[in-house]
Amino acid sequence: MDAVTLVTRLLDELVEFPDEIVVTADEDPQGLRVSVSVSPDDIGKVIGRQGRTIQAVRTVVRSAASRTGLHVSLELLED
C-alpha cells in the first residue's frame, strides 16, 4: 500500500466528511511529501488533542514507508 492510500484510509475513519479529503504527494530530495486537506469542520478531529491524532497518523505512515526505505513527511493544510 502506498503512502497516499494509507493516509486516505486512516483519515477516512476519523472525519465526518470523508468525501472532502484531498491527499496529494510530491517527490522532493528529502523523500515524499504528502499534503492533506480536509473539511474545516474536521480539522479539529484530525489534529486531535494537543496534536496527538495527526502525530499518530504521521508515525504510522513513516513506519510503513520505512519498510521500503522511503522517507515520508505528512503535512496538514489548513484552508
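What to note about this one:
- Gyration tensor verdict on the chain (Cα atoms; rounded if a/c is under 1.5, prolate if a/b is larger than b/c, oblate otherwise): prolate
- Amide H contacts of LEU32: HIS71, VAL72, SER73, each under 5 Å away and 5 or more positions distant or on a separate chain (H built 1.01 Å from N in the peptide plane; Pro and chain starts excluded).
- Helix axis angle, 3-14 relative to the chain longest principal axis, alpha carbon, degrees: 20
- Residue-averaged [θ]222 nm for the chain, counting only DSSP H segments that reach four residues, each worth -39500 (n - 2.57): -12000 deg cm²/dmol
- Length-normalised contact order for the chain - Cα pairs under 8 Å, 6+ apart - percent: 34
- Computed about its Cα centre, the charge dipole of the chain is approximately 580 debye, with only Lys, Arg, Asp and Glu carrying charge at their Cβ.
- Cα-based helix-to-principal-axis angle, 52-66 vs the chain, degrees rounded to 10: 20
Values quoted throughout were computed directly from the atomic coordinates according to the rules given, and no laboratory measurement underlies them. Just so you know, these numbers come straight off a predicted model, no measurement behind them. Positions of Cβ are generated from backbone atoms using ideal geometry, with glycine treated the same way; all protein chains shown enter the neighbour counts.
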